[in-house]
Amino acid sequence: MRRRERKEQRRKNENAPRLRERGLELGLRAGAAHGGQSEPPFRRPSPDLVILYGAHAVRAALLARKRKLLTLYATPSAAARIAPDAAAAGLAPHIVEAQHLARRLGKDAVHQGLLLEARPLPPADVADIETNSGVVVALDQITDPHNVGAILRTAGAFAVDALIVADRHSPEFSGVVAKAASGALEHVRIVSVVNLARALHELSERDYTLVGLDSEAPRSLADTALTPPVALVLGAEGKGLRRLTRERCDIVARLDMPGAIKSLNVSNACAVALSLLQSKLL
């Protein structure tokens, strides 16, 4: 009997290191499954993946449901705030720590504890633009995502019918653009075109008046008589409107500034111009 006991004890002693390793492995897996510090399974960047972050951008996507929603990541506090909207959209938040989002988005991203992976919005053509407000905005190679996002937000506030961009000379409508747009990405029709001049010609054939904005223009937008529909054409910071774009415009006008500074950031200029247009077209 004693010999059998000694043999059993010897077997346990030999297996002890393996059992400890196995127990540690199981413990780590259990920790990861219950909110441990393992990295969440974020999708790899790809052309058919859109990253939305921040409360306004994520909530707008959940409520609008204009795109396919994939995975919602949220910190515990943010998950509680977004819970009703997430439930309505049929998504259960994947709980993560704030540092996981910071590593995925960059330390300077103001994510507010929310990140949504989704598919791009369905593409649209110039022919798809419906004339409701009677105003569209066209961007001539504006590439700064903060400016484009701010323009989108302004376009959403003024209910413009569409934003037209050149696909090879515009930022991705994801991430920074969506955050700066503060939810407007889900509400403004985005028309991405290969050739902006051709798109402007199509608008002309639909009886749009093409109005280019230029701080050096000889006429003032405030003093220009306009009837809808109108396409407001904005040039890039520094370069302004390109020659061919300018030639396509029916009118090139400036914004009169009463102060010592006679030009504005393009997103601010867009807001002022749309305010003027709204007062003229009502």
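Laboratory data are not the source of any read-out in this text; all were calculated from the coordinates shown. Quantities reported herein were computed from a predicted structural model and do not represent experimental measurements. Using ideal geometry, Cβ is built from the backbone for each residue, glycine included, and neighbour counts are taken over all protein chains shown.
Taking each DSSP H run with n ≥ 4 as -39500 (n - 2.57) and averaging over every residue of the chain yields -13000 deg cm²/dmol at 222 nm. Overall shape: oblate for the stretch 217-257, with the ratio a/c of the largest to smallest alpha carbon gyration tensor axis at 1.5 or above and b/c at least equal to a/b. Ordered by the count of other Cβ atoms within 10 Å of each Cβ, fewest first, Asp144, Asp48 give Asp48, Asp144. Please report the antiparallel percentage of the DSSP beta bridges confined to the chain, to the nearest 5. Roughly 30 percent of the beta bridges in the chain run antiparallel, per DSSP. The alpha carbon gyration tensor of the stretch 161-282 gives principal lengths a ≥ b ≥ c with a/c below 1.5, which makes the shape rounded. The chain gives an Rg/Rh value of 1.24, both radii derived from C-alpha positions and Rh following Kirkwood.
Residues Ser46, Ser263 in ascending order of nearby Cβ atoms (within 10 Å, fewest first): Ser46, Ser263. Build a GNM of the chain with springs between Cα atoms under 10 Å apart, and of Gly156, Gly175, Gly259 the one that fluctuates most is Gly259.
Springs join every pair of Cα atoms under 10 Å in this Gaussian network model of the chain, and among Leu91, Leu185, Leu163 the largest mean-square fluctuation is at Leu91. For the stretch 140-210, applying the loop criterion from DSSP together with a ceiling of 16 other beta carbons within 10 Å to the GluC sites (Glu not before Pro) yields Glu172.
Lysine pair count for the chain (Cα-Cα distance under 21 Å; residues 8 or more apart in sequence or on different chains): 4. Given the options Ala231, Ala159, Ala92, state which has the largest fluctuation in a GNM of the chain using a 10 Å cut-off (strictly under) for Cα springs. Comparing Ala231, Ala159, Ala92 in the GNM, the peak value goes to Ala92.
Taking every C-alpha pair closer than 8 Å and separated by at least 6 residues, the mean separation divided by the residue count of the stretch 126-281 gives a relative contact order of 27 percent.
Starting from the Cα gyration tensor of the stretch 60-152, take the square roots of the eigenvalues, sort them a ≥ b ≥ c, and report rounded, prolate or oblate (rounded when a/c is under 1.5, otherwise prolate if a/b is larger than b/c, else oblate). In terms of gyration-tensor shape, oblate.
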